[in-house]
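The values are calculated or read from the model by the stated rules, or taken from the named source; none is laboratory data. This structure is a prediction, so every number in the text was calculated from the model and none was measured. Ideal geometry is used to build each Cβ from the backbone, glycine not excepted, and the neighbour counts take in all protein chains shown. Protein only, heavy atoms only, side chains kept; ligands, DNA and RNA dropped before computing areas. Shrake-Rupley method; radii C 1.70, N 1.55, O 1.52, S 1.80 Å.
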2 protein chains.
Amino acid sequence: MNENLVADRPTFVTHLECSMTGERYEADRLHGLSRVGRPLLVRYNLDGVRDAVSRDELARRATDMWRWRELLPVRRTESIVSLGEIETPLLPVPASGGANVLVKDEGRLPTGSFKARGLVMAVAMARELGVTRIAMPTNGNAGAALAAYATRCGIETIVFCPEDTPEVNVREIAMQGARVWRVNGLIDDCGAIVGKGAAEGRWFDFSTLKEPYRIEGKKTMGLELAAQMGWRLPDAIFYPTGGGTGLIGMWKAFDELERLGWIGPERPRMYAVQASGCAPIVRAFEQGEEHAERWEDAATVAAGIRVPRAVGDFLILRAVRESGGKALAVGDPAILKAVDECAKKDGLLLCPEGGATLAAYHQALRDGLVDEEERVVLFNCATGLKYPMPEAPNWLDRHQPIDFDKL
Amino acid sequence: MNENLVADRPTFVTHLECSMTGERYEADRLHGLSRVGRPLLVRYNLDGVRDAVSRDELARRATDMWRWRELLPVRRTESIVSLGEIETPLLPVPASGGANVLVKDEGRLPTGSFKARGLVMAVAMARELGVTRIAMPTNGNAGAALAAYATRCGIETIVFCPEDTPEVNVREIAMQGARVWRVNGLIDDCGAIVGKGAAEGRWFDFSTLKEPYRIEGKKTMGLELAAQMGWRLPDAIFYPTGGGTGLIGMWKAFDELERLGWIGPERPRMYAVQASGCAPIVRAFEQGEEHAERWEDAATVAAGIRVPRAVGDFLILRAVRESGGKALAVGDPAILKAVDECAKKDGLLLCPEGGATLAAYHQALRDGLVDEEERVVLFNCATGLKYPMPEAPNWLDRHQPIDFDKL
């Protein structure tokens, strides 16, 4: 029905390359990190893409993320796995944000978060390359997306969650057919277990950026944003930054779009948003470092950005700096207040990480980093429904007389 | 950005009419039920619609529900309220359903359920007609959608929930700016309170089918399905039926589409799916009644279809009978098993009401009502994330040696 899922279309991957050293790696082979332990980036023959498809042709396709096929790594159409990766809406939040603020509502994707973008691509590539068993450390949403897609194509999955991962995420992962373990530790402790098992050949390691294709899936946020905004990017993007795959992916997307001639050289300022209780990228940014040290005693209500160490730290920092943006930290009270205000004033229930971007936007306004006239996009990375909400304790006894004035 | 939300387009409402007596009511006035206490249906000048817009023109528009503007009641573009009412995906469920079974995943709509379709339209019309205060009885999802949209356009809302409404729904409603009350009773007990307040002029009554526009919003499920399936409707539709607005709405949509000449006279068989613990429509169907008596002691895990009495009962029964379909009841164990199987085999987490349609489909297969070659659409009316899931109690102590064979 959806042509994007069944039509054979040309693909243009030429090779992969180490994001640190530029060393080349062969395409169509299973890869983890590069020899120096850094993420691999997928490279395309963009001249070929330009000859094969135009912006007009893309506009005629269904708007899901598979319409970008020529800019994606999946070779064989039958490798595609899908749960309906729709183009996520851009929603104005005039009351809680401002007249020029749009929220990209990634909570509408399968399994309720933007993790679906990365995982659908990584799972499709795992399928294409013959992987049968995958393990992953996760704060919740990535594991849910992995479980759903891997289950759908018969790949076995084992998922490790930090002990305080929200219960709903752990249950969702199990429900969707993965084996899931809570571990007494943080996400990098879980990652160490996954790494050990991978070294023993027990499974393929699906940690953030440790396989090359999640970034290609997340890249579609940038492609989609460009198309939705008429090929004119916003002035600033506020992105909740844990592992940073999406920020790195969007930055890569903008570069590819410019090489295609589909956008000009202008770029949004990229604001990497972290929580004050876990802000390794912010600290490194402010200290002028190229890499970010592990953040000790990480703690925030925004579990999705409680990532003490990011393997792509230097790529995040590089993109933020090149863009003229900044890394910003916001406290939990500001995050919760932003979530509350957006729901109460604009009827839109953000996740805490989405709330963090709204809080950071207001902070940036106060600090003069952005002005109200600028077109800004905030990323709400997951549906707010997965997260705890305050109690609503009003009870009414229908057997007693009702005082309508008090309702 | 989305032309559908900002473009002035011609509208074609001629009048409203009583679904029981055919009595005419003036358009562009505030209406509740008809004089005989039955739902009002909106009528259009379909010749005018045919002259104004074609299927090809519709195909060029963004695919959200506002693209159907010429078949919707909202006159003034500035009355439109929106949180991104995307076209919901049709997802194959080959492992848990079958090769020809598609799930229309309504959980991707704003506030995570198909209630958004009805409520966005009803709120837009309330705004257009000057309503400032709305009350509603709800099992949860309708209240959440009402709260979000009403908040977004500054309308005050008071919502009444049965005492055992899922906590997440009650909190979501409060979070999105409504005042919400839990009531010791069922949804029709809550409805009685809303009715009393409405009679006293305290608010406008937004109960299912008691205002004429929710059905027009729900109608878009039928319009969308036709467009998505290339203007050839499926052989059978399984629809979780509480108040039945969606089933009535789709039936109306198919009728309008045929009058427009956009589909032929073929219709899907409509299967109204209820839970064995609350099956008033099934009982009435089997007894050949035109109306359904209240179901006493209603109880089911599928709270959304725990509706003991439906004001549109005769419209549901009429559509089901005209279509050659049937009303079917499924037990809670079958519902939970269907939810589990769809998640574990196809990676898709249904809500219990969606699970009921999958269970009913398998029952209908066994009973020879449908065969595996027929093209079937099941409606998953809400995201499965709002509902309780089984515990996943696996714990792993990272300070102990890990037995990888047991993971």
- [ ] Using only alpha carbon pairs under 8 Å that are at least six residues apart, calculate the relative contact order of the stretch B:115-205 and give it in whole percent.
- [x] 31 percent
Open item on the list: Multiplying the sequence separation of A:R283 and A:E373 by 0.36 nm and subtracting their Cα-Cα distance, what value in nm do you get?
Closed with: 29.5 nm
Task: Förster radius 35 Å - calculated FRET efficiency between B:H399 and A:E293 (Cβ-Cβ, nearest 0.05) - done: 0.90
TODO: Ignore the peptide's own chain and count Cβ atoms of other chains within 10 Å of each Cβ in A:147-158; give me the average, rounded.
DONE: 3
TODO: Rank-order B:227-239, B:253-265, A:128-140 by packing density, defined as the average count of other C-beta atoms within 10 Å over each peptide's residues, highest first.
DONE: A:128-140, B:227-239, B:253-265
Open item on the list: Counting only other chains, and only Cβ atoms inside 10 Å, what mean value do you get across the residues of A:112-123?
Closed with: 1
Open item on the list: Quick check: at a probe of 1.4 Å, how many percent of the accessible area of the protein assembly as shown sits on carbon and sulfur atoms?
Closed with: 47 percent
Task: Farthest toward positive dipole pole in chain A [+1 Lys/Arg, -1 Asp/Glu at C-beta], among A:S323, A:I155, A:P280 - done: A:I155
Open item on the list: Can you compute the radius of gyration and Dmax for the stretch A:3-85, using only the Cα atoms, both in Å?
Closed with: 14.4, 42
Open item on the list: If the only charges are +1 at each Lys and Arg Cβ and -1 at each Asp and Glu Cβ, what is the size of the charge dipole of chain B around the Cα centre, to the nearest 20 debye?
Closed with: 860 debye
Open item on the list: Could you sort B:E26, A:E23 by their accessible area in this structure, using a 1.4 Å probe and putting the largest first?
Closed with: B:E26, A:E23
- [ ] With runs of 4+ DSSP H residues as the only contributors, calculate the mean residue ellipticity of chain A at 222 nm using -39,500 (n - 2.57) per run, divided by the residue total and rounded to the nearest 500.
- [x] -10500 deg cm²/dmol
Task: Charge dipole of the stretch A:293-407 about the Cα centre (unit charges at C-beta), most positive-ward option of A:A302, A:Q363, A:W395 - done: A:A302
Open item on the list: Rolling a 1.4 Å sphere over the protein heavy atoms, what is the accessible area per residue of the stretch A:104-261, to the nearest Å²?
Closed with: 21 Å²
Open item on the list: For a test of the definition: using alpha carbon positions, the gyration tensor, and the 1.5 limit on a/c, classify the stretch B:90-144 as rounded, prolate or oblate.
Closed with: prolate
- [ ] Mind grabbing the interface size between B and A? I mean buried accessible area, both sides, 1.4 Å probe, in Å² to the nearest hundred.
- [x] 6400 Å²
TODO: Per residue of A:172-182, count partner chain C-beta atoms within 10 Å of its C-beta, then hand back the mean as an integer.
DONE: 6
- [ ] Output the relative contact order of chain B, whole-number percent, from Cα pairs under 8 angstrom with separation of 6+ residues.
- [x] 16 percent
TODO: Could you please state, rounded to a whole Å, how far the C-alpha centre of the stretch B:108-148 is from the C-alpha centre of the stretch A:288-349?
DONE: 33 Å
Task: Residue order for A:V49, A:V311 - accessible surface, 1.4 angstrom probe, largest first - done: A:V311, A:V49
Open item on the list: Positive end of the dipole of chain B, charges at C-beta (+1 Lys, Arg; -1 Asp, Glu), about the Cα centre: which of B:F404, B:M20, B:A338 has its Cα farthest in that direction?
Closed with: B:M20
- [ ] Using only the Cα atoms of the protein assembly as shown, build the gyration tensor, take square roots of its eigenvalues as a ≥ b ≥ c, and label the shape rounded, prolate or oblate: rounded if a/c is under 1.5, else prolate if a/b is larger than b/c, else oblate.
- [x] prolate
TODO: Could you please state, rounded to a whole Å, how far the C-alpha centre of the stretch A:24-99 is from the C-alpha centre of the stretch A:217-245?
DONE: 12 Å
Task: Global form of chain A, assessed from the alpha-carbon gyration tensor, a/c cut-off 1.5 - done: rounded
Open item on the list: Modelling each spin label as a point 7 Å along the Cα-to-Cβ direction, I'd like the A:D8/A:N184 distance in nm, to one decimal.
Closed with: 5.6 nm
TODO: Determine the residues within the stretch A:378-397 where the difference in accessible area between the chain on its own and the full set of protein chains amounts to at least 30 Å²; count protein heavy atoms only and use a 1.4 Å probe.
DONE: A:L385, A:M389, A:P390, A:E391, A:A392, A:N394, A:W395, A:L396
Task: Accessible-area value, A:H15, 1.4 Å probe, nucleic acids and ligands omitted, Å² - done: 20 Å²
